[in-house]
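See structure below.
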Ligand code: CDT
């Protein structure tokens with residue numbers, strides 16, 4: 001959308017409430033279409049759906065990889081269950097981001113997101129890099145977090161695509177906690193980064209106070225938007241899924257680090273902002289002018305060393 005000399009992106013985040021373990025793809029897609037229609041009526045050009053949007057957050061359940069793939073993965077995208085979403089988005093001239101469990105052509109399982117343009121074409125695909133959790137059965141835990149069992153690490157770096165009159169990058173859930181995620185996309189000149197997430201309210205690894213889950217979610221998004229001069233749209237799958245609670249807090253964050261819109265429910269809900277893409281440019285030209293101020297020759301440790309280690313002497 002162009003108004004005067006400014007560039008705007010009508011950015012909607014479509015939060016999705018709990019999805020029951022036996023809820024069909026067709027039923028979920030009907031919910032997503034309702035959200036698409038609302039986003040369109042509010043002026044959206046891009047709609048962001050959550051991570052693993054089409055099913056319950058199945059990594060919480062112990063099962064074999066074969067069973068997970070049979071029940072929860074997509075072998076093709078779009079497929080007949082999801083085609084109505086593509087058709088409606090095209091009819092409404094909307095682009096969208098969608099997270100789902102992908103079984104690739106060679107049979108590799110990934111936690112994936114796609115970027116679809118207003119003509120219904122898949123223009124970008126991202127396979128989650130930072131897979132949290134574990135691959136063993138934690139029998140004493142109240143639930144599992146088996147992303148390391150069910151998915152392989154993404155085979156490509158974070159990408160940025162020129163589409164919908166903007167430069168758009170993607171990541172997924174746990175990626176948002178890692179500063180490298182954002183900087184790799186900012187270095188490719190991303191203007192907007194979109195993501196979906198499923199964040200359980202309870203942390204099975206340590207007795208984390210529940211309020212910290214929301215605090216860390218927001219603080220990482222707000223700092224990352226500011227430090228990288230980007231807009232961020234983050235969509236939760238949230239509320240109760242078969243008794244398991246996940247945080248809401250879907251947000252659109254401006255390059256100032258301010259929250260431009262935030263969900264108020266833990267159900268299906270659309271939030272919207274007319275994102276001024278030139279606002280990001282302002283920050284890129286001044287405090288975060290990478291060309292003038294970055295010192296990559298001093299950052300080599302970031303790519304040379306994976307884990308914490310001793311000091312480097314100059
Ligand atoms: N889906 C996902 O990546 N969730 C993680 C939970 C981390 S606790 C094992 C997250 O970062 O929100």
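On the given criteria, is residue 166 modelled with pLDDT of 95 or more, surrounded by 14 or more Cβ atoms within 10 Å (Cβ to Cβ), within 18 Å of residue 44 (Cα to Cα) and within 14 Å of the ligand (Cβ to nearest atom)?
Considered against the rule, which asks whether it is modelled with pLDDT of 95 or more, surrounded by 14 or more Cβ atoms within 10 Å (Cβ to Cβ), within 18 Å of residue 44 (Cα to Cα) and within 14 Å of the ligand (Cβ to nearest atom), residue 166 comes out as no.
Condition first: closer than 22 Å to residue 15 by Cβ and within 15 Å of the ligand (Cβ to nearest atom). Can you find one or more residues in region 80-97 that meet it?
The answer is no, given that none of the residues of region 80-97 is closer than 22 Å to residue 15 by Cβ and within 15 Å of the ligand (Cβ to nearest atom).
Suppose we filter region 138-153 for residues that are touching a strand residue (DSSP E or B) at 6+ places or on another chain (Cβ under 7 Å) and either away from the ligand (no atom under 13 Å from the Cβ) or in a helix (DSSP H, G or I) (or both); how many remain?
Residues flagged as touching a strand residue (DSSP E or B) at 6+ places or on another chain (Cβ under 7 Å) and either away from the ligand (no atom under 13 Å from the Cβ) or in a helix (DSSP H, G or I) (or both) within region 138-153 amount to 3.
Only residues that are part of a helix (DSSP H, G or I) and more than 17 Å from residue 166 (Cα to Cα): list them for region 239-282, please.
none
Among the numbered criteria (1) crowded, with 17+ Cβ neighbours inside 10 Å; (2) modelled with pLDDT of 95 or more, which single criterion is violated by residue 204?
Against the list (1) crowded, with 17+ Cβ neighbours inside 10 Å; (2) modelled with pLDDT of 95 or more, residue 204 comes up short only on (2).
In region 172-208, what residues are assigned to a helix (DSSP H, G or I) and within 11 Å of the ligand (Cβ to nearest atom)?
Answer for region 172-208, where residues must be assigned to a helix (DSSP H, G or I) and within 11 Å of the ligand (Cβ to nearest atom): 173, 174, 175, 176, 177.
Being buried (at least 18 other Cβ atoms within 10 Å of the Cβ) and not in a strand (DSSP E or B) is true for just one of 107, 99, 120, 124. Which residue is that?
Every option except 120 fails the conditions.
Within region 154-163, which residues are crowded, with 20+ Cβ neighbours inside 10 Å and not in a strand (DSSP E or B)?
Of everything in region 154-163, those that are crowded, with 20+ Cβ neighbours inside 10 Å and not in a strand (DSSP E or B) turn out to be 154, 158.
For region 29-67, enumerate the residues that are within 19 Å of residue 242 (Cα to Cα) and touching a strand residue (DSSP E or B) at 6+ places or on another chain (Cβ under 8 Å).
Residues satisfying the conditions are 31, 50, 51, 52, 53, 54, 55, 56, 57, 58, 60.
So, in region 234-254, of the ones that are under 17 Å from the mean Cα position of the chain (by Cα) and without any contact (Cβ under 8 Å) to a residue 60 or more places away in the chain, which residue ends up surrounded by the most Cβ atoms within 10 Å (Cβ to Cβ)?
If we take residues in region 234-254 being under 17 Å from the mean Cα position of the chain (by Cα) and without any contact (Cβ under 8 Å) to a residue 60 or more places away in the chain, then 253 is surrounded by the most Cβ atoms within 10 Å (Cβ to Cβ).
State whether one or more residues within region 283-301 are touching a residue at least 60 places away in the same chain (Cβ under 8 Å), away from the ligand (no atom under 14 Å from the Cβ) and either within 17 Å of the chain's Cα centre (by Cα) or within 24 Å of residue 39 (Cβ to Cβ) (or both).
Scanning region 283-301, I find no residue that is touching a residue at least 60 places away in the same chain (Cβ under 8 Å), away from the ligand (no atom under 14 Å from the Cβ) and either within 17 Å of the chain's Cα centre (by Cα) or within 24 Å of residue 39 (Cβ to Cβ) (or both), so the answer is no.
Restricting attention to region 107-116, report how many residues are away from the ligand (no atom under 13 Å from the Cβ), in contact with a helix residue (DSSP H, G or I) (Cβ under 9 Å, 6 or more places away or on another chain) and in contact (Cβ under 8 Å) with a residue 24 or more places away in the chain.
Residues in region 107-116 being away from the ligand (no atom under 13 Å from the Cβ), in contact with a helix residue (DSSP H, G or I) (Cβ under 9 Å, 6 or more places away or on another chain) and in contact (Cβ under 8 Å) with a residue 24 or more places away in the chain: 2 in total.
Here is a list of conditions, (1) touching a helix residue (DSSP H, G or I) at 6+ places or on another chain (Cβ under 7 Å); (2) away from the ligand (no atom under 16 Å from the Cβ), and residue 233 meets all of them except one; can you say which number that is?
(1)
Six or more apart or on different chains, Cβ under 9 Å: which pairs go from a residue in region 133-148 that's more than 10 Å from residue 60 (Cα to Cα) and without any contact (Cβ under 8 Å) to a residue 12 or more places away in the chain to one that's in a loop (DSSP other than H, G, I, E, B) and more than 11 Å from the ligand (Cβ to nearest atom)? Could you list them?
Cβ pairs passing all conditions: 139/62.
Residues to consider are 227, 222, 262; find the one that is at pLDDT 95 or above, surrounded by fewer than 21 Cβ atoms within 10 Å (Cβ to Cβ), within 19 Å of the chain's Cα centre (by Cα) and within 16 Å of residue 48 (Cβ to Cβ).
262 is the lone residue from the list that is at pLDDT 95 or above, surrounded by fewer than 21 Cβ atoms within 10 Å (Cβ to Cβ), within 19 Å of the chain's Cα centre (by Cα) and within 16 Å of residue 48 (Cβ to Cβ).
State whether the residues of region 38-46 include one that is within 19 Å of the chain's Cα centre (by Cα), surrounded by 22 or more Cβ atoms within 10 Å (Cβ to Cβ) and part of a helix (DSSP H, G or I).
Yes, because at least one residue in region 38-46 is within 19 Å of the chain's Cα centre (by Cα), surrounded by 22 or more Cβ atoms within 10 Å (Cβ to Cβ) and part of a helix (DSSP H, G or I).
The values are calculated or read from the model by the stated rules, or taken from the named source; none is laboratory data. Not measured: the values here are computed from a predicted model. All Cβ positions, even for glycine, are placed from backbone atoms using ideal geometry, and neighbour counts span all protein chains on display.
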